[in-house]
Amino acid sequence: MVMGKKKGGKKKGGKKVRVTFRRNRSSKVRDKTWTDQAHQSQDNEVDAVESEQVRAKGDLSRQRTIIVHDDPTLSRAHLHTGTVLAMRGLYADVDDGQQIHACTIRRVLRTQQIEERNPVTVGDRVRFSMGSSGDVDLREGVIEHVEPRHGQLRRKSGRRIHTVVANVDQAIIVTSAGQPAPKPQLIDRYIIAALAGEIAPIICMNKIDLDVDGRAEELLLRYAHLGYDTLSTCATTGQGIEKLRNLLKDKESVVVGQSGVGKSSLLNAAESGLTLRTSSVGIQNQKGRHTTTTASLIRLKLGGYVVDTPGIRSFDISLVPRSDYEAHFVEFVEHIANCRYPDCTHTHEDECAVKAAVAQGLIHPARYESYVDIFEEPGITP
Ligand SMILES: Nc1nc2c(ncn2[C@@H]2O[C@H](COP(=O)(O)OP(=O)(O)O)[C@@H](O)[C@H]2O)c(=O)[nH]1
Ligand SMILES: [Mg+2]
Ligand SMILES: [Zn+2]
């Protein structure tokens, strides 16, 4: 056990907490699995490391009571506060406002996180200790506590929950007019995930220079009509970058979207001096994923911060209850009450007011199709 020993004298301030441990958690197998996750991505896409295990029935078996030091006067006095900038394998880079510390995560905290489903992730506000005298490496911090979050973007990754980012106000959902071609359904998935995580979606159509037939602008307009903030940009010519800057200013944002749409290029264009790695289109289309591989938080000189994320090819939103999807298709909402069946899913039912609205041209057929596809297969993006 990692927990507790060194702080034996402070038990008075502790609180008893029931924690469920994974079976065989003390065996080497688990550690190996944990470490392996740092180097593998399971679902054939760029993936962050600090995914957490979703509890499967029978997967977790043992419960123990542990002491958690949660009395601020006793146990937090020695703790530092910081923000997680990036996750690197088993380490979190934590910025305390002055410098960046490589921190590990208290194992008992990880175990609690499995239960509470809140792993340490980019954007988290954390409290950490800097090694005590008994520690071998004094420069290494240990995250002891994660502050409650607002605005988080979560997805499913295999059997795990992957919290891509925490504590952001808005998600800039980037798509591109070409190379790669826009995937409207992926936009809708990101919108659902953002809204479910209490993040405001903004739709950005990048590589607008490749929009030869105006179809990308048309797609963007579809979202503008729904009331979303939209912008069309070209990272190479600077078109729309001023608007992007204004959107980012003094806000906490995450930039999401498929690999190769130009997320990193846009941020480089928006913030002078920023040099995020970008990929060449040629390499991008092959196997190369040599660019952004994990999410990273960047403080902006213009105010606020932004999290650049690796391209995620598909976005499994099965964490969001299916019955919530209708509420995240804003143009459906006014019709829902008129469906014949109160539990209408707007798929197979007759006398469905949403379907009627599609037929009347009040709802764009592509949005409706997207809804049905996502409803039927929340885990798969075609
Ligand atoms: N034509 C064009 N290419 C762009 C634009 N923005 C980015 N690119 C190119 O698209 C490729 C992928 O960009 P990158 O920023 O790495 O995409 P990311 O994976 O979303 O971060 C790079 O070769 C960029 O030079 C744009 O507005 N127009
Ligand atoms: Mg990138
Ligand atoms: Zn209906």
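Rule-based calculations on the coordinates, nothing more; no lab input. All of these numbers come straight from a predicted model, not from anything done at the bench. Cβ sites come from the backbone with ideal geometry, for glycine too, and all protein chains shown count toward neighbours.
When T275, T309 are ordered from fewest to most other Cβ atoms inside 10 Å of their Cβ, what list results?
Placing the least packed residue first, the sequence is T275, T309.
Could you tell me which of rounded, prolate or oblate describes segment 168-308, using a ≥ b ≥ c as the square roots of the eigenvalues of the alpha-carbon gyration tensor, with rounded for a/c under 1.5 and, failing that, prolate when a/b is larger than b/c and oblate otherwise?
rounded
Could you order peptides 159-171, 237-249 by the average number of other Cβ atoms within 10 Å of their residues, highest first?
159-171, 237-249
Label point 7 Å out from N338 along Cα-to-Cβ: which residues of segment 360-382 have amide N under 13 Å?
Residues 360-363 fall inside that zone.
In debye to the nearest 20, how big a dipole does segment 322-376 give about its Cα centre with +1 on each Lys and Arg Cβ and -1 on each Asp and Glu Cβ?
Using only the charged Cβ atoms, the result is roughly 100 debye.
Shape verdict for segment 322-376, please, from the Cα gyration tensor: rounded (a/c under 1.5), prolate (a/b greater than b/c) or oblate.
Note, shape of segment 322-376 comes out rounded.
Return R127, R277 ranked ascending by Cβ neighbour count within 10 Å, so the fewest neighbours appear first.
Ascending Cβ contact count within 10 Å gives the list R277, R127.
Could you list D96, D316 in order of exposure, starting from the residue whose Cβ has the fewest other Cβ atoms within 10 Å?
Ranking D96, D316 by Cβ neighbours within 10 Å, fewest first, gives D96, D316.
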